[in-house]
1. Once R0 is set to 25 Å, what does the formula 1/(1 + (r/R0)^6) return for the Cβ-Cβ distance between V178 and F158, expressed as a FRET efficiency to the nearest 0.05?
2. Given H placed 1.01 Å from N in the peptide plane, which residues other than close sequence neighbours of G129 have an amide H under 5 Å from its amide H?
3. Just add up the charged neighbours of Q314: K/R +1, D/E -1, any other residue whose Cβ is under 14 Å from the Cβ of Q314.
4. Report the trypsin sites (Lys or Arg not before Pro) located in region 328-397 that are in a DSSP loop and have at most 16 other Cβ atoms inside 10 Å of their Cβ, or state none.
5. Sequence gap at least 6, Cα distance under 8 Å: using those rules, report the relative contact order of region 149-225 to the nearest whole percent.
6. Just to be sure I understand: of the beta bridges DSSP finds with both ends in the chain, what percent are antiparallel, rounded to 5?
7. Using a Förster radius of 22 Å, what is the FRET efficiency between L43 and L480 based on their Cβ-Cβ separation? Nearest 0.05, please.
8. M127: net charge of surrounding residues, Cβ under 10 Å, Lys/Arg +1, Asp/Glu -1, itself excluded?
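Values quoted throughout were computed directly from the atomic coordinates according to the rules given, and no laboratory measurement underlies them. Please read these numbers as outputs of a predicted model, since none were measured by experiment. Quick reminder, even Gly has a Cβ in these numbers, built from the backbone with ideal geometry, and neighbours come from all protein chains shown.
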Amino acid sequence: MNNKNKRKLLMDRSIPGKVGATFPALDIPEQKLPDKSQLREDLAMPEVSENEIVRYFSSISQMNFSIDHNFYPLGSCTMKYNPKLNDDIASFPGFNDIHPLQDTSTTQGALELMYDLQNLLAEITGMAGTSLSPMAGAEAELAGMLMIRSYHLNNEDFKRKKVIIPDSAHGTNPASAVMAGFEVISIPTDENGNTDIDALKSVVDDTTAGLMLTQPSTIGLFDTNIIEVVKIINENGGLIYGDGANLNAILGKVKPGEIGFDVVHSNLHKTFTQPHGGGGPGAGAVMVSQRLVDFLPDPIVTKEEKSSIFNLSQPIKSIGKMGTFHGNFGALVRAYAYIRTLGKDGINAISEDAVINANYIRAKLQDTLDLPYDRICSHEVVFSAKSIKEKYGVNALDMAKRLIDYDIHPPTMYFPLIVDEAFLVEPTETESKETLDEFIDVMKTIVKEAESNPELLHNAPHNTPNKRLNEAMAARSPKLSWRDTKAN
Ligand SMILES: *Cc1c(COP(=O)(O)O)cnc(C)c1O
């Protein structure tokens, strides 16, 4: 089918009288229809043959980008890996057909899985306790900030109202701190991409509730000042929140708990294989240090010593529920299956592969694009298209759109905000050298095109059913269904 035909909507293919399905002969008495006032006259329904409808839906199912079709180097919010095995396990009837209101005596297997996953995530991050109930990274952040708030209030330390956040943190970090009732103090990043220690010292005091930072940061760097940052905050009575949404950079190498973090969350829908296309479903496990375990969201799964019975419990000073029931159970099953499949050696290999892949791209493209932070990166690398824009008038957006023509999903652009014309690339741990080489070659080709034929990039993409969209209109007034323009 050519692209023009692909765009033709099902209703526009309709020919009166065509049928796609035949019903068997009626074997019950025919019933009278309700009177006309209750019937719609001309309900527009497509009249197409069976083949046409199958081909139509099969073809539109191929029009989106997905990790099963294309390389997907989207920095920061990357879908790392979706092994089909984990989907199969999550759909076992014993996991899939249970109900959250069932008596716990009938769901012991599910509770045991949650109990083990709580312990595995605590072990991986070096923390003392876990709650699996938040259903997104941002919700886990909110839970963490509410725990920090409750901790200070519980100590009758009422003046701690400020949370310090470096400007290389993920955008959800300040939003979560504000939602939990804190005032946010933003501090800059130094020229190496680390937290600026002097700036930190100048704002920290006895009104500081804590510091929230993304580690590795959104510029793909491991903050090498972290030990000092933790020391400064702790000396001033504050707690440390580490955003570990993308734990794949440090798995098996660094335990945030051992550095002195009090809260860390991990997006099970990024690092631990829960597919998160189209906005969900997610799971943001939140892990805490010993001094916060009593504040964890309700419920957590507990087991009495020497007993083999698992219970749902509310920690004594719990901040309460983050949502209905126990969190996104299917996502928990996938994360558990993934961790158990990998084992300790596999977990270590993830961070090694994630970091080596990102650094391979950094090394191979550093002469092609600007590299604002010229140092070893972690799981992702931030480039800038600033020089290309100045020389050829082609910006990061044009280059990203052109990548689509080469069947590659664009990287994250214009984020982090502290980098001009940012181009944030995360290859992930599961891509082969051949795929990375292909991406590198395509990027070099695109930069040559920017020089020789900038118009080609301004108008990209060219090979897709939809061309360059008006993105503001597409977001604000999307056309999501067919409308009969002939009807009144
Ligand atoms: C994705 C991401 C978040 C937010 O997670 P959601 O599940 O989208 O709410 C927070 N921090 C970082 C670093 C992330 O990459």
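1. On the way: r = 19 Å, r/R0 = 0.74.
In this case the efficiency is close to 0.85.
2. V288
3. Details: positive: K317, K321; negative: D294, D298.
Once positives and negatives cancel, what remains is 0.
4. Values: sites: R334, R340, K344, R362, K364, R375, K386, K389, K391; in loops: R375.
Sites meeting the loop and neighbour criteria: R375.
5. Working: 116 pairs, mean separation 29.5, N = 77.
So the answer I get is 38 percent.
6. On the way: 21 of 39 bridges.
In the chain, approximately 55 percent of DSSP beta bridges are antiparallel ones.
7. Details: r = 19 Å, r/R0 = 0.85.
Efficiency, from the Cβ-Cβ distance: 0.75.
8. Numbers: positive: K255; negative: E123, E258, D262.
Around M127, the charge tally is -2.
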